[in-house]
Amino acid sequence: MTKRKSPRVRIRRAIAGIAALGALMLVACIGWFVLGPASRISDYSEQGIPDGAAPRLTATEIRDLPLSCELVATGGTANADGDLPYRNHAYLARYDGRYFVMFSRWYGVEDQPGSIVEYATSNDGTTWTAPKILAEPVAGHGIIARGFVERDGKLFAWHATHTGDTFFRNGKRFANSAEHREERNIAILESEWLGDGRGWRPNRVVLEGFLNNYSPRRFGQSQMMAVRDQDRVTYLARSVDGDDSWQLSEPLPRPDSPPPGLLGMHLPDEPVVMSNEQDSAHVILRNNNTEDRRLWAAELVGGEWQEPYPLPFPSDASKFLPLELADGRTALIGNFEPDVHRALLNMAISSDASTDYGTIFRLAPEGQISGLLWRSPQYPHAIVSGDTLMLAFALSKRDISVCAAPATLEGLEAQSSFELMPRLFKGLCNRGLPKYVRRALGYAVCREHLVWG
């Protein structure tokens with residue numbers, strides 16, 4: 001006679017079966033996502049994009065690019081409040097057979113008085129010296145790193161200074177208006193490298209009243225850079241005498257901000273000069289309206305700014321860098337998956353004079369996961385040294401990482417491979433998830449600066 005199983009045993013088996021089925025369904029859903037949606041280009045609206053607008057992203061899928069990286073600066077000494085330092089604004093240079101990296105460091109709120117600039121060096125791009133102070137502000141000021149410049153065989157470091165509680169007023173009303181008057185001081189300063197035994201020496205004021213984004217780019221006999229004033233208004237600065245002096249354009253008119261939740265430009269920011277031909281310069285812009293999800297651009301034609309317009313190129317409100325690779329192609333590096341804000345860093349490649357970007361990689365740098373937390377790589381800078389691309393960025397505005405990669409499209413394609421973790425976190429950190437799921441996952445794995453911005 002067959003012994004009947006107790007109801008308790010049957011219930012346990014039923015629960016186990018349901019759990020197994022649920023686990024299989026979860027694995028199937030994850031497999032579907034990482035093989036399908038995680039490879040797709042982020043959606044964006046074509047509303048308002050002019051015909052022929054460029055640069056444009058024409059790639060149809062995103063490929064993963066694993067990177068070998070070193071943490072140049074991490075952790076640190078806590079201040080009196082028990083806070084560890086923040087770091088951002090990394091910039092690279094190759095000079096006298098060595099690599100240099102500099103970055104901003106501060107405690108508490110960003111862009112406050114007391115922030116400093118540090119640097120480190122490396123002979124091979126892998127083993128780095130401990131960070132040292134490059135420049136400190138005078139009392140009541142703060143400074144941030146702004147890039148390296150080589151001139152007359154010498155290396156110079158640019159850093160920007162400010163008084164008050166920030167670089168930009170942003171239309172705020174201040175309790176003490178005397179500290180935030182029209183002419184309050186912001187400026188680009190320069191320090192000269194004197195060698196290992198002597199370090200850096202303050203050299204000169206490069207430009208009063210403005211803040212640059214990257215070091216100047218050379219176009220023919222001119223050097224050009226986009227700068228902003230204390231009201232975050234963009235200008236184009238041009239030098240024809242080796243950056244001894246700068247001529248400024250008229251200010252870029254600021255478009256009216258759209259109502260909340262709608263497409264349009266809000267507070268054009270992080271300007272970068274993409275090209276300059278005869279009397280026309282092309283500048284790409286960060287849009288601080290995160291609902292828009294696109295890069296924007298503006299042109300300076302005959303000394304007059306044209307109306308800014310959106311580009312067919314998805315982007316979060318972050319910083320981006322154009323760069324010429326060793327094979328002559330143009331790379332554009334930035335956070336180009338706006339559905340995860342700054343959780344992922346990308347590199348798009350153009351083979352036709354930086355118009356159509358037909359290849360895009362999702363970078364998978366070592367050290368992006370800390371414990372179970374996903375850390376956003378942001379504010380990138382890169383240089384090409386021979387056949388090597390050196391890339392620096394901040395992880396969650398806490399650590400500074402420097403990575404190496406091939407400097408040609410062929411080398412990048414050979415190094416690319418399927419990477420599971422970035423694809424998983426594209427789902428886990430996705431702002432398209434329901435609000436309660438975003439909050440739960442945010443506290444669990446995406447708890448870092450501006451992933452949920």
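Compute the label zone of S45 within the range 289-306: residues whose backbone N is under 13 Å from the point 7 Å along Cα-to-Cβ.
Output list for this probe position: 289-294.
Provide the per residue accessible area, probe 1.4 Å, for the range 297-337, rounded to a whole number of square angstrom. Provide the component values of the computation, followed by the final result.
On the way: 1170 Å² over 41 residues.
Value returned for the range 297-337: 29 Å² of accessible area per residue.
Tell me the volume per residue, in Å³, of the convex hull enclosing the alpha carbons of the range 1-123.
Numbers: hull volume 45.9 nm³, N = 123.
Measuring per residue, one finds 373 Å³ for the Cα hull of the range 1-123.
If you look for lysine pairs in the chain that are eight or more places apart or on different chains, how many of them have Cα atoms under 29 Å apart?
12
Could you check the simple spin-label distance between I18 and R218, using points 7 Å along Cα→Cβ, in nm with one decimal?
For I18 paired with R218, the spin-label model returns 7.1 nm.
Between Y95 and A414, what is the FRET efficiency for a Förster distance of 35 Å, r being their Cβ-Cβ separation, to the nearest 0.05?
Result of the calculation: an efficiency of 0.75.
Roll a 1.4 Å probe over the protein heavy atoms and report the accessible area of V301 in Å², nearest 10.
The value for V301 is about 60 Å².
Using every alpha carbon pair in the chain, what percent of pairs falls into each 20 Å bin from 0 up to the bin containing the largest distance?
Here the calculated profile for the chain is 23, 57, 15, 4, 1, 0.
May I have the convex hull volume per residue, in Å³, for the Cα set of the range 7-51?
On the way: hull volume 3.2 nm³, N = 45.
Expressed per residue, the convex hull around the Cα atoms of the range 7-51 is 71 Å³.
Sort the range 256-369 into rounded, prolate or oblate with this rule: let a ≥ b ≥ c be the square roots of the eigenvalues of the Cα gyration tensor; rounded if a/c is under 1.5, and if a/c is not under 1.5, prolate when a/b is larger than b/c, oblate otherwise.
Details: a/c = 2.33, a/b = 1.09, b/c = 2.14.
Oblate, since a/c reaches 1.5 and b/c is not below a/b.
Averaged per residue, what accessible surface does the range 254-296 expose to a 1.4 Å probe, in Å²?
42 Å²
Compute the angle between helix 7-35 and the longest alpha-carbon principal axis of the chain, please, reported from 0 to 90 degrees and rounded to the nearest 10.
30 degrees
Report the label-to-label distance for L373 and V138 in nanometres (one decimal), using points 7 Å from each Cα along the Cα→Cβ vector.
With each label placed 7 Å out from Cα toward Cβ, I get 3.7 nm.
Using a 4.7 Å cut-off between beta carbons, which cysteines in the chain end up with no partner cysteine at all?
C29
Computed FRET efficiency, Cβ-Cβ of D327 and V233, R0 41 Å: what is it to the nearest 0.05?
For R0 = 41 Å, the calculated efficiency reads 0.65.
Given the DSSP H assignment, sum -39500 (n - 2.57) over each helix run of at least 4 residues in the chain and divide by its residue total; what's the result at 222 nm in deg cm²/dmol, nearest 500?
Helix-only estimate at 222 nm: -4000 deg cm²/dmol.
Could you work out what % of the accessible surface of the chain is carbon and sulfur, using a 1.4 angstrom probe and leaving DNA, RNA and ligands out of the count?
Of the solvent-accessible surface of the chain, carbon and sulfur hold 52 percent.
For the range 1-51, report the accessible area per residue in Å² (1.4 Å probe, heavy atoms, rounded to an integer).
86 Å²
The values are calculated or read from the model by the stated rules, or taken from the named source; none is laboratory data. Because the structure is a prediction, the values reported are computed rather than measured. When we count neighbours, we look across all protein chains shown, and the Cβ atoms used for this are built from the backbone with ideal geometry, even at glycine. For the accessible areas, the whole protein counts, side chains as well, though only heavy atoms, and no ligand, DNA or RNA atoms are used. Shrake-Rupley method; radii C 1.70, N 1.55, O 1.52, S 1.80 Å.
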